[in-house]
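Here's the structure, in structure tokens; my notes come after.
The values are calculated or read from the model by the stated rules, or taken from the named source; none is laboratory data. Keep in mind that what you see is a predicted model, and the values were worked out from it rather than measured. Using ideal geometry, Cβ is built from the backbone for each residue, glycine included, and neighbour counts are taken over all protein chains shown. Heavy atoms of the whole protein, side chains included, go into the accessibility calculation; ligands, DNA and RNA do not. Shrake-Rupley method; radii C 1.70, N 1.55, O 1.52, S 1.80 Å.
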Amino acid sequence: TKLNRYVFQPGITDVRSQVISMAPWVSSQLGKKVTMIFPDYAFGHDHRDFFSAAMAAQGGEVIQKIAIPPTESSFTKYFPKIPRQTEVLYHVMVGPGVLTFVKELGEFFGSKRPAIFGFIDSLEAVDMATPGLEFLEGSYFWEAHPRYMSDDAPDYEKFYRQAVGVNRDGASVSDPKDISTYSHMFGCWETLFILKQAIEASGYQSATPADKQKLIEAVEAMTDFRAGQAHPQGDKRFNGKLHQSFGHQYISKVEGTKLKPVHRTSIEDGLYEPAGDYTTQSL
């Protein structure tokens, strides 16, 4: 609640919810001594702070936190900072240097490495079959919306892929080399449907103060979104005080240059109490 009454994130979950829902699985399945590598700005700091607290709640510990400047193009010099006792290496890198980051990480560790858990942000829009990524075989990633479609995918998932022009492997239907940002792009789609729902519920007609107020209050009154064509990523629970949705998260394993989901969290796994209440702010 650091922003204002006009800012919502109803179509996708936030970093805090994502990491606290992941921590129990990481702690129980991969290890309790974690080294984190993250970008040195607010997005990375959220991962650092929320995941550190979440691991501590599971009896684990983040034993090293390695912040990477956003202008960095080579990362090898940071890897010697990874303690030998590290059981899990947690990475979440974004930007044009991510492919270099992963390749250099593989060159540094070789076949001897800790368990690796990354956020797909590190390789969004990157083909998992790209040379140099073989090192990631058997490692794990957070995904919000699994890139590779399962054989038992519901009809609304098939509808969504067809509507946005994405094939079963998460690439453009017109160019298989053009990999989508599949784990995040649904947020745009779902938010448009939420806005449509709010406009219809509020009777919004024009940008008058009265209509704006009715629109904001209509969104704040929402509580649940059901999986379907409007919400292809899955069910969500909306908190009007926080202006934020909570949903399911996935942990996927790299197998044969593809990502296979191995764990799906519950909505309850990612819930937290809001620190404030947007609905008390003036419009």
- In region 237-283, which residue that is in a strand (DSSP E or B) and charged (D, E, K, R) is nearest to residue 119 (Cα to Cα)? 253
- Task: Assess whether residue 223 counts as being surrounded by fewer than 16 Cβ atoms within 10 Å (Cβ to Cβ), in contact with a strand residue (DSSP E or B) (Cβ under 9 Å, 6 or more places away or on another chain) and over 14 Å from residue 266 (Cα atoms).
- Result: yes
- Message: Cβ-Cβ under 7 Å, sequence separation 6+ or interchain: first residue in region 117-128 and closer than 13 Å to residue 22 by Cβ, partner open to solvent by less than 10 Å² (accessible area, probe 1.4 Å) and in a helix (DSSP H, G or I). Which pairs?
- Response: 117/26; 120/183
- Query: Any idea how many residues of region 196-216 are surrounded by fewer than 16 Cβ atoms within 10 Å (Cβ to Cβ) and in a helix (DSSP H, G or I)?
  - Reply: 7
- Message: Going through 212, 260, 196 one at a time, which residue ends up being under 28 Å from residue 126 (Cα atoms) and of a type in the set (D, E, K, R)?
- Response: 260
- Query: Which of the residues spanning region 237-258 are open to solvent by 10 Å² or more (accessible area, probe 1.4 Å) and closer than 16 Å to residue 182 by Cβ?
  - Reply: 248, 250, 257, 258
- Odd one out for residue 44, checked against (1) in contact (Cβ under 8 Å) with a residue 12 or more places away in the chain; (2) surrounded by fewer than 20 Cβ atoms within 10 Å (Cβ to Cβ): (2)
- Output yes when any residue across region 184-195 is within 18 Å of the chain's Cα centre (by Cα), under 30 Å from residue 114 (Cα atoms), crowded, with 16+ Cβ neighbours inside 10 Å and not small (Gly, Ala, Ser), and no when none is. yes
- Message: Can you tell me how many residues within region 217-236 are assigned to a strand (DSSP E or B) and free of Cβ contacts under 8 Å to residues at least 24 places away in the same chain?
- Response: 1
- Task: Mind listing whichever residues of region 243-258 are touching a residue at least 24 places away in the same chain (Cβ under 8 Å) and closer than 20 Å to residue 23 by Cβ?
- Result: 244, 245, 246, 247, 249, 250, 251, 252, 253
- Scan region 151-179 residue by residue and report those that are open to solvent by 90 Å² or more (accessible area, probe 1.4 Å) and touching a residue at least 24 places away in the same chain (Cβ under 8 Å). 177
